[in-house]
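Shown below is the structure under consideration.
Please treat every number below as a calculation from the coordinates, not as lab data. What you see is a predicted model; the values in this text were computed from it and never measured. Methodologically, a virtual Cβ is constructed for each residue, glycine included, from the backbone with ideal geometry; neighbour enumeration extends over all protein chains shown.
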Amino acid sequence: MTGEPLLRVQGLQAWYGRAHILAGVDLAVGRGEVLALVGRNGAGKSTTMKAVMGLLDARAGSVTFEGRDVSALPPHRIARLGIGYVPEDRRVFTELTVEENLEVGRQPPRPGAPHWTPEKLYALFPNLAEMRGRRGGRMSGGEQQMLTLARTLMGNPSLLLLDEPSEGLAPRIVQQMAEALRALKAEGLSILLSEQNLAFAGAVADRASVIEKGVIRFDGPMQALMKEESIRRAYLAV
Amino acid sequence: MSFYLVQFLSGLATAATLFLVSSGLTIVFGVTRIVNFAHGSFYMLGAYIGWSLAERIGSTPLGFWGGVLAAALAAGVLGAVMEVLLLRRLYRSPELFQLLATFGVVLVVQDVASWIWGPEDLLGRRAPGLRGSVEILDQVFPLYDLVLIALGPLVLAGLWLMFHRTRWGTLIRAATQDREMTAALGVEPGRLFTGVLFLGSALAGLGGALQVPREAINLGMDMGIVVEAFVVVVVGGMGSLMGAFVASLLIGQLQAFGILVFPEITLVLVFLFMAVVLVLRPYGLLGRAEEAPPTAASPGPPLSASTGIAAWAPLLLLALLALVPLFAGEYALIVLTELVILALFAASLHLLIGLGGLVSFGHAAYFGLGAYGAALLATSWAAPMPLALAGAPLLGGLGALIAGWFCVRRSGLYFAMLTLAFAQIAWSVTFQWYGVTGGDNGILGVWPDPWASGKTAFYLLTLGLCGGALFLLRRVAFAPFGYALRAGRDSPLRAEAVGIDVRRTQWFAFTLAGSAAGLAGGLYAFSKGSVFPTLMSVPTSVDALVMVLMGGVQTLAGPVVGAALFHLLRTEIMSLTDLWRLILGLVIIGLVLAFPKGVVGFARDLVQRGRAA
Amino acid sequence: MKRLEVSGLERSFGGVKAVRGVSFGLDAGELLALIGPNGAGKTTCFNLLNGQLRADAGSVRLDGTELVGLPPRRVWRLGVGRTFQITATFPTMTVAENVQTVLLSCRRRLSGLWRPAASFFREEAVALLDRVGMGAQADRPCGVLAYGDLKRVELAMALASDPKLLLMDEPTAGMAPNERLELMALTASLVRERGLAVLFTEHDMDVVFGHATRILVLDRGQVIAEGPPDAVRADPRVQAVYLGSAA
């Protein structure tokens, strides 16, 4: 990784009520890089994503995106700078159709980031093309996962925050998801991906940061993590 | 047969107006999660502006309808201004403050409208070209109402197209479902909210302007319509447009046919319908469960029993107050008597809000029930005063026992709406049940027995009874029951997990608060010598809320101090100017924006900060 | 007869089976950890045990008494205490008042309207607080405590009803690492001293393997392994669940 990373997080802390969830997270995502944030449930992965996106009130520390401090901005400003957030629980607009869900995500094209149209997204996710008029509430979990990703892409982000995209999906869908992410990476998107499924992370990520109890315990190439059994055992396995 | 058809049509005409207004209310609630009391004010402003325009340019169809549209747009602009100046600062406040702030706007608008258009009813011009009636099977029906009937579905269709065929509408629907996610996709919430307030207020204004040819325009239109619109929105499901449409139709028909069967209690029917719907379908006919229930008032520091000299302060105050007649004149005693009564009224509401976290918007019902109970016993039954006064807390408590059973089933905003609905039931019974309550004329000649008829004697009696009741309420706050009530407010989850029946505790507190308010009401009736339906009206409930808020929710002394401040301020200002409502409205808005903890809470924070420094 | 006997527990949400046929037993003096990946059904299981959710099928017996179908209040009275993942205390009351409220509830004295609550069971409350190391802070408001201290208060509140079974949902979530081990050491000593049975969920594996006497692993609503820590750690199915399968 050379030069200033696209996203740099330093000393990020966050609380839920009085519970201290993040105790100083440091990580960086380079341009065009896929970073996997791995850790057990409860380790602080989702909280990191939400804190970066400005969705938590109680946070401290610095978040810079394209060299600019975004840690005090509201979520819609952060989104408009080019960070796309795909939440763990998907949060598809169930009353809206597939097309309308995409429309909510639409933002003007952004220089330096791939430009998406519904047609391009339907090509990437053929399932969605077949159900443009279907309401979000009447889709399966896998279809909803594709839709929430496509919806975020409509904002033409340069960085994607993907919270546990493989969770609860059938193996076939997980595979499709991995292919889609590799295609996005090929388009030049940078991705911060949180995962519990190490195999899935290994299939798409360049680098990995291991989070445990709200701090980063390991940071290095994905292959190194796959080789380091001691780290996997300490922070990921039982 | 034809008679029923015409009745049905007039129900549809009522429904059309109801739908116009309630659609705006439900859209605003869906996106901002604020229940906007001022919605009725935009309806009233639409009517007044529509009246002025109709007088000037309404002689031709084009001028008339142009005026209606312009009035709607003007109401919309005012709604947007309110969003930018006021609501924007309150999205994260507890619902009590949001409701109160919008009610402050109601008061301001009432005095401004009275100042511009005068207090008299205004009769508007009939719509050009639609003055006549049509004959429907041998019965006559106004032509204009037929146009209204057509307008309801037309507006529904227009709104549907806007919500489903435009980007803005799609964003509104998305935000109604999940505000946070919509913002995370780059949609600026602020602009969306301003736009929604414009649309909602314009719909209210349109509904108002359309009334010009139908009914007299007056300063009471705002509360009348907004309470009905609340009912429609709650019955239909808060935030649901189709729900508002269906509920409008049902309630329009309920009113049209209810008047045939129960002419005396049509209003009661509507509110009973709402209560039944809410118990059977908690989120309304077409509503969905809330993902995140609205927040209760933010909890403060623990209540601490005062020690040392401070512990004797209430008794000292009582002794001082008992000595006042030695040197004060009659006028001062009258003011002081009212003040002591209001202190009990406010303290009884504080039991619910401060200890239980239950924001009641209809506490005046129990005050009024006590007042009417005492008045009826004293006049119709010729009961001696002690008996009449004993009846007051019993009737207040009984009313609260019945209403409370329904109300405590829901929390937050729905609780507030339910209490409001029951207060409106009580109000409409006294208003419409002419034979017993005298309706609008009230009950006169409620005077104390001879032994208590002197100002000093009645003052001392009031002081004794209210002082005793206040002391009781204070004991309750520190007794195990007070702990159970606070536990249910602080954490219902934990309270249930340690065996506390939260709902029952709240039900009992509601009843207790109702009887204390009833006693205050009974004394009030005798102090004034008369009772009127306004004692139970929404503004009276809000007066009590303002007293509690002024004094601070988190201290037991708060409501007493708040009642004193409020009453002296009102007495003082009313002697200087007619614009009491305007000033009260601005005070409420100012209080909500500046001191979310109330005056006493604010002062105590200052003291604590001083000590810490 | 075991202290707690769970058999064939089932619960679905809108057609999705969150818990399917879970059975296990728990004896007094045991600390049983319930672990598993996100969405495995741990929280659902917990809520089924204390009555917050109603089971579709199966039975939960505490010393032989059936708990399924009872509301949380009744389950608590029968001797099932609980702590929450995000602490739930009464923030506007003092620490002692929190515990006193539980004691008042336990002895059915909460409807009292006259005598000040502060005069009830004060010594008992302070003694319990001393046991969890919070005696010195008895008169501080709960709302200003550090998170780790709140967890201790919650433990004291759970103990106040003298439960036979204690359910702890992520007892150490949100605490500093050294506080976590302290709290679990305290819990373990209480288990020995009072003959408690404890069932807890936890994502901190140091806590799980350091303190649990037995471990139960859930995946997709089913028990896939059960046994002493070492056996569970070596179980290949458990490893597969935690490290994921190839995409």
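Considering only the other residues whose Cβ falls under 14 Å of the Cβ of B:Gln506, what net charge follows from Lys and Arg at +1 and Asp and Glu at -1? Don't skip to the answer; put the middle values down first.
Working: positive: B:Arg409, B:Arg410, B:Arg486, B:Arg489, B:Arg503, B:Arg504; negative: B:Asp490, B:Glu496, B:Asp501.
That works out to +3.
Starting from a Cα-only point model with no solvent, please compute log10 I(q)/I(0) by Debye for chain B at q = 0.05, 0.09 1/Å.
Rounded to two decimals, the profile gives -0.22, -0.73.
Once you wrap a convex hull around the alpha carbon atoms of the range B:75-162, what is its projected area averaged over all directions, in nm²?
Working: hull surface 39.9 nm².
Across all orientations, the range B:75-162 yields a mean hull projection of 10.0 nm².
Any idea what diffusion coefficient the range B:320-535 gets from Stokes-Einstein, in µm²/s, Kirkwood Rh on alpha carbon pairs, 25 °C, 0.890 mPa s?
Approximately 139 µm²/s, per Stokes-Einstein.
Further question: Given all pairs of different Cα atoms, what value in angstroms does the Kirkwood hydrodynamic radius of the range B:166-243 take? Can you show the working numbers first?
Details: mean 1/r = 0.0685 Å⁻¹.
This gives a value of 14.6 Å.
Kirkwood Rh over alpha-carbon pairs of chain C, then Stokes-Einstein at 37 °C and 0.692 mPa s: what D in µm² s⁻¹, rounded to an integer?
175
Just report the Cα centroid separation between the range C:179-207 and the range B:81-96, whole Å.
About 46 Å separates the Cα centre of the range C:179-207 from the one of the range B:81-96.
Now a separate question. Given the range A:7-235, what percent of its DSSP beta bridges are antiparallel, to the nearest 5?
Values: 23 of 41 bridges.
For the range A:7-235, the DSSP antiparallel bridge percentage is about 55.
In addition: What is the Å³ per residue value for the convex hull set by the Cα atoms of the range C:88-162?
Working: hull volume 6.0 nm³, N = 75.
That works out to 80 Å³ per residue.
Beyond 21 Å, how much of the Cα-Cα pair distribution for the range A:96-238 remains, as a whole percent? Intermediate results must be reported in sequence, preceding the final value.
Values: 4815 of 10153 pairs.
I get 47 percent for the Cα pairs in the range A:96-238 exceeding 21 Å.
Just the Cα atoms of the range B:8-93, one point each, no solvent: what log10 I(q)/I(0) does Debye give at q = 0.13, 0.25 Å⁻¹?
Per q value, in the given order, log10 I(q)/I(0) is -0.52, -1.20.
Among C:Ala118, C:Ala33, C:Ala197, which one shows the biggest mean-square fluctuation in a GNM of chain C, springs joining Cα atoms closer than 10 Å?
Ranking C:Ala118, C:Ala33, C:Ala197 by mean-square fluctuation puts C:Ala118 first.
To two decimal places, what compactness ratio does the range A:83-176 give when its Cα radius of gyration is scaled by 2.2 N^0.38 Å?
Values: Rg = 12.4 Å, N = 94, 2.2 N^0.38 = 12.4 Å.
Against the empirical 2.2 N^0.38 Å value, I get 1.00 for the range A:83-176.
Also: Hey, what do the phi angles of the range C:177-184 turn into as Karplus ³J(HN,Hα) couplings, whole Hz, using 6.51/-1.76/1.60 and θ = phi - 60°, x for Gly and Pro?
Ordered by residue, 3J(HN,Hα) equals x, 5, 5, 4, 5, 4, 4, 6 Hz.
Can you give the average number of partner chain beta-carbon atoms within 10 Å of each beta-carbon in peptide A:186-197, as a whole number?
On the way: counts 0, 0, 0, 0, 0, 0, 0, 0, 0, 1, 7, 7.
Shielding by partners across A:186-197 averages 1.
On average, how many beta carbons from a partner chain sit within 10 Å of the beta carbon of a residue in C:112-123?
On the way: counts 8, 9, 7, 4, 8, 9, 6, 2, 3, 0, 0, 0.
The mean count of partner-chain Cβ atoms within 10 Å per residue comes to 5.
Here is a further query. Rank by packing, highest mean first: peptides B:55-67, C:180-192, B:220-232, C:206-218, with packing defined as the count of other Cβ atoms within 10 Å averaged across residues. If you can, show how the numbers build up before the last one.
Working: B:55-67: 15.5, C:180-192: 17.4, B:220-232: 23.5, C:206-218: 20.8.
The peptides rank, most packed first, as B:220-232, C:206-218, C:180-192, B:55-67.
Something else: Using only helices, what value at 222 nm comes out for chain C when you add -39,500 (n - 2.57) per DSSP H run of length 4 or more and divide by the total residues, to the nearest 500 deg cm²/dmol?
Working: 9 runs with 89 residues, N = 247.
Theoretical 222 nm ellipticity from helices: -10500 deg cm²/dmol.
Just to check I understand the Karplus step: with θ = phi - 60° and J = 6.51 cos²θ - 1.76 cosθ + 1.60, what whole-Hz values come out for the range A:7-21, glycine and proline as x?
Coupling constants for the range A:7-21: 10, 10, 10, 10, x, 6, 10, 8, 10, 10, x, 9, 6, 8, 9 Hz.
Take the Cα coordinates of the range B:109-216, assign each an equal point scatterer, and use the Debye formula without solvent to give log10 I(q)/I(0) at q = 0.11, 0.13, 0.22, 0.23 Å⁻¹.
Per q value, in the given order, log10 I(q)/I(0) is -0.59, -0.74, -1.16, -1.22.
State the antiparallel share, in %, of DSSP beta bridges confined to chain C, rounding to the nearest 5. Could the numbers behind the result be given before it?
On the way: 21 of 38 bridges.
Percent antiparallel among DSSP bridges in chain C is about 55.
Enter the angle in degrees (range 0 to 90, nearest 10) between the Cα long axis of helix C:122-131 and the first principal axis of the Cα atoms of chain C, meaning the one along which they spread out most.
Taking Cα atoms only, the helix is inclined about 40 degrees.
Could you work out how far the C-alpha centroid of the range A:147-167 sits from that of the range B:2-45, in angstrom?
Comparing the Cα centres of the range A:147-167 and the range B:2-45, I get a distance of 41 Å.
Grab the other residues whose beta carbon is less than 15 angstrom from that of A:Ala58, score K and R as +1, D and E as -1, and report the net. Please report the intermediate quantities before stating the final value.
Numbers: positive: A:Arg18, A:Lys50, A:Arg59, B:Arg92; negative: A:Asp57.
Net of charged neighbours comes to +3.
Across peptide B:174-182, what mean number of C-beta atoms from other chains lies inside 10 Å of a residue's C-beta? The partial results should precede the final answer.
Numbers: counts 9, 2, 2, 8, 7, 0, 6, 13, 7.
Partner-chain Cβ atoms within 10 Å, mean over residues of B:174-182: 6.
C:Leu4: net charge of surrounding residues, Cβ under 15 Å, Lys/Arg +1, Asp/Glu -1, itself excluded? Could you put the intermediate results ahead of the total?
Values: positive: C:Lys2, C:Arg3, C:Arg61, C:Arg82, C:Lys164, C:Arg214; negative: C:Glu5, C:Asp27, C:Glu30, C:Asp63, C:Glu66, C:Glu226.
Net charge in that neighbourhood comes out at 0.
Given all pairs of different Cα atoms, what value in angstroms does the Kirkwood hydrodynamic radius of the range B:2-280 take?
Values: mean 1/r = 0.0522 Å⁻¹.
Across the range B:2-280, the inverse of the average 1/r is 19.1 Å.
If you place +1 on the Cβ of every Lys and Arg and -1 on the Cβ of every Asp and Glu, how big does the dipole about the Cα centre of the range B:320-535 come out, in debye to the nearest 20? All intermediate terms of the calculation are to be shown ahead of the outcome.
Details: 11 positive and 7 negative charges, 118 e Å.
Dipole magnitude for the range B:320-535 comes out near 560 debye.
Given N residues in the protein assembly as shown, what is its alpha carbon radius of gyration divided by 2.2 N^0.38 Å?
Rounded to two decimals, the normalised Rg is 1.02.
With label points built 7 Å along Cα→Cβ from the Cα atoms of C:Ala146 and C:Glu123, find their separation and express it in nm.
3.1
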